[in-house]
Amino acid sequence: MLSIKIISPFDQKTIDSLKSGNRVLITGTIYTARDAAHKRMYEAIQRGESLPFNVEGQVIYYVGPTPQKPGQIIGSAGPTTSERMDKYSPSLLDYGLKGMIGKGYRSKEVVDSIKKNKSLYLAAIGGSGALIARTIKSMDVIAYEDLGTEAVRKITVENFPAIVINDSYGNDWYADKEINQSK
Amino acid sequence: MRIIHYEDIVEKVSKACQDVNFDIGSDVFDSFKKSLETETSENGKYILEQLIENAVIAKEERVPMCQDTGVAVLIVELGQDCHIVGGSLYSAINEGVVKGYSDGFLRHSIVGNPISRTTSTTYNTPAVIHIELLPGDQLILNLSAKGAGSENMSSMKMLKPSDGLQGVKDFIIETVRIAGPNACPPLIVGVGIGGNFERCAYLAKKSLFRPIGFRNISKEISTLEKDLIEEINKLGIGPQGMGGNTTALDVKIEMEACHIASLPVAINLNCHASRHKKIIM
Ligand code: SF4
């Protein structure tokens, strides 16, 4: 199986063409946010305030990188466990978010919301932070700088490897993997 | 009486914190390679290949293999004829962790207050330190950098003695199954059986310090370890939960005596970024 090259932000045609279990290589712009940044964005939505970036059509990567060494663009930057963002994801998806990258299971609410909003959840390879860092070509902290590793960053990636877990048709690779394997 | 200087401990701990995060160690690396030969799923193989490449990059460039550079957990074997001069052992270790995590550009992953989540501690401290006082004059520091993804999926239960061996096995298998992709498989499954509530959890943690492929010296326990490796690898979870037969790289069990009314079992999961180092002073 070869990896499919896709561009981020994802357009609807790309999203519709992908199925759970597909391996992809992503090139383009992605935003990073994890627990603390999600909490702040969620609270901003609740209060009717604007978000630090326009999430419409965008992709969020759940990562808290290590500090970069002098000369590095970013430190090691593998995915963190996604379920901690489950509480906040449906409202971001309703707001127009089109993709999420992390690792591990999502809640039923998130899976349903992915299908409803015709978006994607992908897993990057947990614990491969050194390898992933090589695919990150630029990095700017754009919001919540006080959160340190948890600040929101805008990154550009080139051939960032990931696997589609939840596609826009309601398929779940983690749940279906045994069936898929025996095919 | 042997004298060990505070500064020496600081230096050694600082270096080990960095080495352990950059270099996965041959036991884990070799087991990635071995698993690649036996892994059946395509995505599983792909992930193992990426993990091998990741380990090579981390070692060559001296960058962390994983961005969760963990909490420093130490099991200290302190000979009672060993004397530390220049300050306390606890502060020497913590100073070493601060130095290692800042010099090595490792991540600060500790919040001072678990409820309010304020980040008010000094660079990635306090370390979790367990001291075992032993005869002799040696000082051995067993250091690990423990990530939260796998720690969060760990579990402890006070089983009933009547649950017996099957109850113990079922609990272990169920814990691995529930953890699924979240704990970053392939895993090293650490198990403590017996002791009491807190001792059991400690045994599970301690078991993870044994390198991959090294069995418990008791025949009964080593057989159980082997049985569990086989059963866990039949679960179909595979590398990163993408399917396959490489779910556990190893299972480690430590067992101790316990109360006639108890059967404590603790399972401490470790991800493939199993970072351990022995510092002999
Ligand atoms: S569980 Fe382990 S490999 Fe996965 S992100 Fe955490 S520390 Fe890294």
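The values are calculated or read from the model by the stated rules, or taken from the named source; none is laboratory data. The model shown is predicted, which means the values in this text are computed figures rather than measured ones. Please note: Cβ atoms are built from the backbone with ideal geometry, for glycine as well, and neighbour counts cover all protein chains shown. Keep in mind that these areas ignore ligands, DNA and RNA; they rest on the heavy atoms of the full protein, side chains included. Shrake-Rupley method; radii C 1.70, N 1.55, O 1.52, S 1.80 Å.
Taking a spot 7 Å from the Cα of residue B:91 along the direction of its beta carbon, which residues of the range B:124-165 have an amide N less than 16 Å from it? The answer is B:126-127. For the range B:149-274, lysine pairs with C-alpha atoms less than 17 angstrom apart, excluding pairs fewer than eight positions apart on the same chain, total 12.
Below 14 angstrom from the Cβ of residue B:172, what's the summed charge of the other residues (Lys, Arg +1; Asp, Glu -1)?
Details: positive: B:157, B:169, B:177, B:226, B:234, B:252; negative: B:163, B:170, B:174, B:225, B:227, B:230, B:231, B:250, B:254.
It works out to a net charge of -3.
Of all trypsin sites (Lys or Arg not before Pro) in the range B:175-239, which ones are in loop regions per DSSP and have a Cβ with at most 12 other Cβ atoms within 10 Å? Present the calculation step by step, with values, prior to reporting the outcome.
Numbers: sites: B:177, B:199, B:205, B:206, B:215, B:219, B:226, B:234; in loops: B:215, B:234.
Passing sites in the range B:175-239 are B:234.
Each Cα pair under 8 Å and six or more residues apart adds its separation to the average, and for chain B the resulting relative contact order is 26 percent.
Scattering from the C-alpha atoms of the protein assembly as shown alone, worked out with Debye: what is log10 I(q)/I(0) at q = 0.11 1/Å? Log10 I(q)/I(0), no solvent term: -0.89. Dipole magnitude for the range B:149-274: computed about the Cα centre from +1 point charges on Lys and Arg Cβ and -1 point charges on Asp and Glu Cβ, it is near 140 debye. Report summary: the helix-based calculation at 222 nm, which adds -39500 (n - 2.57) for every DSSP H run with n ≥ 4 and divides by the residues of the protein assembly as shown, gives -10500 deg cm²/dmol. Using only the Cα atoms of the range A:4-182, build the gyration tensor, take square roots of its eigenvalues as a ≥ b ≥ c, and label the shape rounded, prolate or oblate: rounded if a/c is under 1.5, else prolate if a/b is larger than b/c, else oblate. In terms of gyration-tensor shape, oblate.
Quick check on the range B:139-207: what are the equivalent-ellipsoid semi-axes from the Cα gyration tensor, as sqrt(5λ), descending, whole Å?
Numbers: eigenvalues 91, 66, 16 Å².
Whole-Å semi-axes of the equivalent ellipsoid: 21, 18, 9.
Take every Cα pair under 8 Å in the range A:21-126 that's 6+ residues apart, average their separations, divide by the length, and report that relative contact order as a whole percent. Could you put the intermediate results ahead of the total?
Numbers: 169 pairs, mean separation 26.7, N = 106.
Relative contact order for the range A:21-126 comes out at 25 percent.
Of interest is the spacing of the C-alpha centroids, which for the range A:123-162 and the range A:28-44 amounts to 13 Å. Computed over chain B, the convex hull of the alpha-carbon atoms projects to a mean area of 15.4 nm².
Shown are B:280, A:142, A:165, whose ranking by accessible area with a 1.4 Å probe and every protein chain present, most to least, is B:280, A:142, A:165. Contact order, relative form, for chain A: 29 percent (alpha carbon pairs under 8 Å, 6 or more residues apart, mean separation divided by residue count). Scanning chain A for GluC sites (Glu not before Pro) in DSSP loops with at most 13 neighbouring Cβ atoms within 10 Å leaves A:57-183 as the longest stretch between them.
Other chains' Cβ within 10 Å of B:236-249 residues: what's the mean? Can you show the working numbers first?
Working: counts 4, 3, 3, 2, 11, 9, 11, 10, 2, 1, 0, 0, 0, 0.
Mean number of neighbouring Cβ atoms from other chains: 4.
With a 1.4 Å probe and all protein chains left in place, how much accessible area per residue does the range A:4-182 have, in Å²? Solvent-accessible surface per residue comes out at 38 Å². Across peptide B:250-262, the average count of Cβ atoms from other chains found within 10 Å of a residue's Cβ is 0.
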